[in-house]
1. Quick one: is Leu94 assigned to a helix (DSSP H, G or I) and either crowded, with 21+ Cβ neighbours inside 10 Å or aromatic (Phe, Trp, Tyr) (or both)?
2. Residues in region 42-76 that are surrounded by 10 or more Cβ atoms within 10 Å (Cβ to Cβ), more than 10 Å from the chain's Cα centre (by Cα) and not small (Gly, Ala, Ser): how many?
3. Quick check on region 88-104. Is at least one of its residues of a type in the set (S, T, N, Q), touching an Asp or Glu at 6+ places or on another chain (Cβ under 9 Å) and touching a residue at least 60 places away in the same chain (Cβ under 8 Å)?
4. Checking Glu118 against (1) closer than 21 Å to Asn93 by Cβ; (2) in contact with a Leu (Cβ under 7 Å, 6 or more places away or on another chain); (3) among the acidic types (Asp, Glu), only one condition comes out false. Which one?
5. Pick from Arg74, Arg46: which is among the basic types (Lys, Arg), modelled with pLDDT of 80 or more and closer than 27 Å to Leu127 by Cα?
6. If you scan region 60-91, which residues turn out to be more than 19 Å from Glu50 (Cβ to Cβ) and not in a helix (DSSP H, G or I)?
7. Within region 163-181, is even one residue at pLDDT 90 or above, more than 17 Å from the chain's Cα centre (by Cα) and closer than 24 Å to Arg58 by Cβ?
8. Do you know which residues across region 97-130 are part of a helix (DSSP H, G or I), of a type in the set (D, E, K, R) and surrounded by fewer than 24 Cβ atoms within 10 Å (Cβ to Cβ)?
Amino acid sequence: MKPTGEALPAQFHKTLIAIAACAAVASCAPEAIDPTNPWAPGVDHRAEAEDGLEVGHRLMAANEYELALEAFTRAALDHGMTGEVLSSLGTANLGLGRLGQAEILLRRATETEPDWPEAMNNLGVVLMEQGKYAEAEQVLRRAFAMDNGESAPIRENLRLALANLENSAITTGQNQEYELVQRGRGNILIRQTP
C-alpha cells in the first residue's frame, strides 16, 4: 500500500477499535485461556447451535437484513419451509428492498398459515410498498379481523392503507413508515423510500 499522506479512513479506525474490544473481552474469560496451549480455543462441535429463526429475528431487529436472510435460509434446512420461515424470508427480502421476492414468499406464508395475522400484515406492507393499495387494504382488513384489532402496528398499517387508497395522488411522494410484525417477537419498522 502506497502512503498518500492522508489520514486513514474512519471505517479502518472503527475496525481497529472493534478488534481491540474483542481482544479485551476475550482476555476477561480466564477459563478460555489455557497457559499450556499456544493455540486459540477450538469450536465445540458437540454444542447445540442457536436456532436460525432466533438468530434471524435478532438480526432483523438490528437492521442486518442480509445476515438475517442467511440465518432464515439456514433455519429452512432445520424447520422446512414452514409459514414462519417463509414469512421471515419474505420480511428480510422486504428489508433489502426486494419487493417481488418478498411478495412471493409472504403470499406462500399466508397460504401455508392462512390464520396468521402477522404474515397477513407483512404481505399488506409489501403491497403498499408496491402501490397496490386496494389489495393491501383487503389483506390488512383480514389481518385486523384475525387479530381482533389488538395489534397497534396492524391497526396503523390498515389506517395508512385506507388513507393511501382514498387519496393516493396526495400521499404518493410522502415518506411513510410501515411496521412489520414478527411472531412472538418485537416489531420491525420499515421506512418507505420516496
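The values are calculated or read from the model by the stated rules, or taken from the named source; none is laboratory data. Computed from a predicted model, the values in this text were never measured in an experiment. Here the Cβ is made from the backbone with ideal geometry for all residues, glycine too, and neighbour counts use every protein chain on show.
1. Numbers: assigned to a helix (DSSP H, G or I): yes; either crowded, with 21+ Cβ neighbours inside 10 Å or aromatic (Phe, Trp, Tyr) (or both): yes.
For Leu94, the condition - assigned to a helix (DSSP H, G or I) and either crowded, with 21+ Cβ neighbours inside 10 Å or aromatic (Phe, Trp, Tyr) (or both) - is met.
2. Matching residues across region 42-76 total 8.
3. No, there is no match, as no residue in region 88-104 is of a type in the set (S, T, N, Q), touching an Asp or Glu at 6+ places or on another chain (Cβ under 9 Å) and touching a residue at least 60 places away in the same chain (Cβ under 8 Å).
4. Evaluating Glu118 over (1) closer than 21 Å to Asn93 by Cβ; (2) in contact with a Leu (Cβ under 7 Å, 6 or more places away or on another chain); (3) among the acidic types (Asp, Glu) leaves (2) as the failure.
5. Details: Arg46 fails: closer than 27 Å to Leu127 by Cα.
Among Arg74, Arg46, only Arg74 is among the basic types (Lys, Arg), modelled with pLDDT of 80 or more and closer than 27 Å to Leu127 by Cα.
6. Asn63, Met81
7. As a first pass, look at region 163-181 and keep what is at pLDDT 90 or above: 163.
Filter again for more than 17 Å from the chain's Cα centre (by Cα), leaving 163.
Restricting the remaining residues to those that are closer than 24 Å to Arg58 by Cβ gives none.
No: region 163-181 contains no residue that is at pLDDT 90 or above, more than 17 Å from the chain's Cα centre (by Cα) and closer than 24 Å to Arg58 by Cβ.
8. Within region 97-130, the first condition is being part of a helix (DSSP H, G or I), and the residues that meet it are 99-112, 117-129.
After this cut, where a residue has to be of a type in the set (D, E, K, R) as well, the list is 103, 107-108, 111, 118, 129.
Within region 97-130, Glu103, Arg107, Arg108, Glu111, Glu129 qualify.
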